[in-house]
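Accompanying notes for the structure given below.
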Amino acid sequence: MHVTPLSLLRRLCRWGVAWTLGLAAPALWAAHGYAIWGELKYPEGFTHFDYVNPQAPKGGELRLVSNLRVSNFDKYNPFSLRGTAPAYLSGLMFDSLLTGALDETGSGYGLLAEDVQAAPDGLSVVFRLRDTAKFHNGDPVLAADVKFSFDTLLGPYTSPAYKTILADVAGLDVLGERTVRFRFKRPNRELPLTVGAIPIFSRQWGNEPDPATGQRKTFDKVVMDPPIGSGPYTIGPVKFGRDITYVRDPGYWARDLPVRRGTANFDRISVKIYKDNTARLEALKAGEFDLMRFFSAGDWARRVNGRKFDSGELVKIELPHKLPTGFQSYVLNTRRKPLDDIRVREALDLAVDYEWMNRQMFYGAYQRVRGLFGNTECAAQGSPSPEELALLEPGRAQLPPAVFGPMYAPPRTDGGQSLRGNLRKAQALLREAGWTVQDGVLKNAQGEPLVLEYLDSNETGARVVSPWIRNLQKLGITLRFRPVDFALYQQRLRTFDFDIISIAFQGTTNPGAEYADLFGSEAAKTPDSGNYAGIANPVVDRLIARMVGAKTQPDFLAACRALDRAIAHSHILIPQWSASTHRLAYNAWRLQRPPEMPPYATGEAWAIDTWWAAPRRQD
């Protein structure tokens, strides 16, 4: 399962949680935080977040397994285009101007920034940096470093996703040694959130001259230079390309701030890389690391067991959360025929028998994805409201007619519906599109067979896609499973060289400009963007703009619900499934944790941030 650039953007702030933070326009300086649509949970002068143990002891080691699919790393720069940085590096080493809480959404609190002021006209926001903020090399964090970070992320050597998400930022002004102002091209309540979440790094990082030119290195050449950030950890012992240890900075400048109290409790966080899921699971059972998050229902139900689980050393926990479901989906590349035909795309959708898969393969562990914004107020339901219709009607000719009826519901094979009935509907759609069965093979008027390729970077993915392949064969369609190594997979995604892929799109309670990277017309023609489906519809562009520029919550909700309908009824995504819990196994003899997980925590990030080392056992 590939991770979209949207996930990268959400990791601009610590663990991606602060992507939910937002700002309103305050009247005075010394604002400690902001909320997009309502009040902050934590008042000025709060001492710590409710979900941490402010007395948690410091010390010990947290041993982790890499959460990345790659089998090595080849750089320390997580922002440049080429190569792979070690897991967790961004969240551990880079602070941002603002950070979010794990028990509320749409809010943010000052981290590097001491206070913030958003202009009443919504066209700028000013941050004043704390005079105690320091980088790992001892230098103070200054306005010049914020500008350097901003300019670098918008430069030619980083992912185009940064340029998309920051497209409405007109510029950054240095107003003083520790004061910066971000100017916006248009009012947008989300933009203070966005600029508050960018990672801040020292302008001294990579400052050594390039041996070839004698000039400062370009950012793509900053590869092995240890990052100079201001986060709680620095790089420690490394087996390059395999294992890495992060070491807690005992002089971490923010350790006593309310937003950091009770966090970063381990002296060392080591991360090991294993070649596949089987190796990881066996290493956990052998005690080689302390914590693992599980995404496979089969592993969780059948293989997470053994002697250390029986003794209580290893413990399984399933933790309910309130995170958005996201929209994990099969993505259909509409740049290619016949996937440019909505009737063909809908027929492919009808051939997925999710109910059978959930019973027979997933142990009933999942729920079906139903749209872009599941488990949030943005999710469209029923028929469009008058407010949604007002946004959709001007583009009626450019939208599928179904957009103006009930919200899309994935085809079912229970409750009076059946796979046989769905396949009949699919056959009718395919005939209407000019495809007929000839000698058991679906062909067009030119006699060309309907053959598609499903691209994956994991051979084990064949098990999950096989039922769909079998159902498509009943329609005369050939879907070939093509596994490739991860490097080639990434390259083909960057150039949109595929028919069908599977993407785990993360959700958000406050969708905004990042959706232009996923579904915007400009992104559709930009290599390495997140618009894998290639959708280029001016109505979708306009709905994203209305969502981003909404001045009131009702306007915002109408825009995102209209967008939800437009994307779902376009059948560019075939929805898969989501889990309402985090499944974790951890070593209870080595780790201790707060009693309750905050509702918006993202799995292992909660452990990294707030757990602590257990007292040494006397066996």
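The values are calculated or read from the model by the stated rules, or taken from the named source; none is laboratory data. None of the values given here were measured: they were computed from a predicted structure. A quick note on method: Cβ atoms are made from the backbone with ideal geometry, for glycine too, and the neighbour counts reach across all protein chains shown. Areas reflect the complete protein model, heavy atoms only, side chains present, ligands, DNA and RNA absent. Shrake-Rupley method; radii C 1.70, N 1.55, O 1.52, S 1.80 Å.
If you go through segment 358-387 and keep only what is in contact (Cβ under 8 Å) with a residue 40 or more places away in the chain and over 25 Å from the mean Cα position of the chain (by Cα), you end up with 361, 363, 384, 385, 387. Any chance segment 475-495 includes a residue that's modelled with pLDDT of 95 or more, among the basic types (Lys, Arg), touching a Phe, Trp or Tyr at 6+ places or on another chain (Cβ under 9 Å) and under 21 Å from residue 423 (Cα atoms)? The answer is yes; a qualifying residue exists.
Within segment 318-340, the set of residues being in a strand (DSSP E or B) and polar (S, T, N, Q) comprises just one member, 329. Pick from 174, 116, 126: which is of a type outside the set (S, T, N, Q), part of a strand (DSSP E or B) and touching a helix residue (DSSP H, G or I) at 6+ places or on another chain (Cβ under 6 Å)? Selected residue: 174, the only one of 174, 116, 126 that is of a type outside the set (S, T, N, Q), part of a strand (DSSP E or B) and touching a helix residue (DSSP H, G or I) at 6+ places or on another chain (Cβ under 6 Å). Please find, within segment 53-106, the residue that is surrounded by the most Cβ atoms within 10 Å (Cβ to Cβ) out of those that are among the charged types (D, E, K, R), in a loop (DSSP other than H, G, I, E, B) and out of contact with any Pro (no Cβ under 7 Å at 6 or more places or on another chain). Checking each candidate, the answer is 95. Restricting 584, 557 to residues that are assigned to a helix (DSSP H, G or I) and either of a type in the set (A, V, I, L, M, F, W, C) or surrounded by fewer than 24 Cβ atoms within 10 Å (Cβ to Cβ) (or both) narrows the list to 557. Quick check on this structure: which one of 328, 360 is surrounded by fewer than 19 Cβ atoms within 10 Å (Cβ to Cβ) and of a type outside the set (Phe, Trp, Tyr)? Being surrounded by fewer than 19 Cβ atoms within 10 Å (Cβ to Cβ) and of a type outside the set (Phe, Trp, Tyr) holds for just one of 328, 360, which is 360. When the residues of segment 186-208 are filtered to those that are touching a residue at least 40 places away in the same chain (Cβ under 8 Å) and of a type in the set (D, E, K, R), which remaining residue is most open to solvent (accessible area, probe 1.4 Å)? Only one residue tops the list, namely 186.
Per-residue answers, yes or no, for (1) among the aliphatic types (A, V, I, L, M); (2) within 22 Å of residue 114 (Cβ to Cβ):
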{"position": "168", "(1), (2)": "no, no"}
{"position": "173", "(1), (2)": "no, yes"}
{"position": "176", "(1), (2)": "no, yes"}
{"position": "204", "(1), (2)": "no, no"}
{"position": "208", "(1), (2)": "no, no"}
{"position": "215", "(1), (2)": "no, no"}
{"position": "226", "(1), (2)": "no, no"}
{"position": "254", "(1), (2)": "yes, yes"}
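A residue that is in contact with a helix residue (DSSP H, G or I) (Cβ under 6 Å, 6 or more places away or on another chain) and not hydroxyl-bearing (Ser, Thr, Tyr) occurs somewhere in segment 486-503.
Residues in segment 499-525 that are in a loop (DSSP other than H, G, I, E, B) and within 21 Å of residue 105 (Cβ to Cβ): 505, 506, 507, 508, 509, 510, 511, 512, 513. If you take the residues in segment 286-304 that are farther than 18 Å from residue 62 by Cβ and more than 25 Å from the chain's Cα centre (by Cα), which one is surrounded by the most Cβ atoms within 10 Å (Cβ to Cβ)? Across segment 286-304, the extreme among qualifying residues is 304. Taking the criterion of being open to solvent by 80 Å² or more (accessible area, probe 1.4 Å) and in contact with a Ser or Thr (Cβ under 6 Å, 6 or more places away or on another chain), the only residue of segment 388-447 that qualifies is 406.
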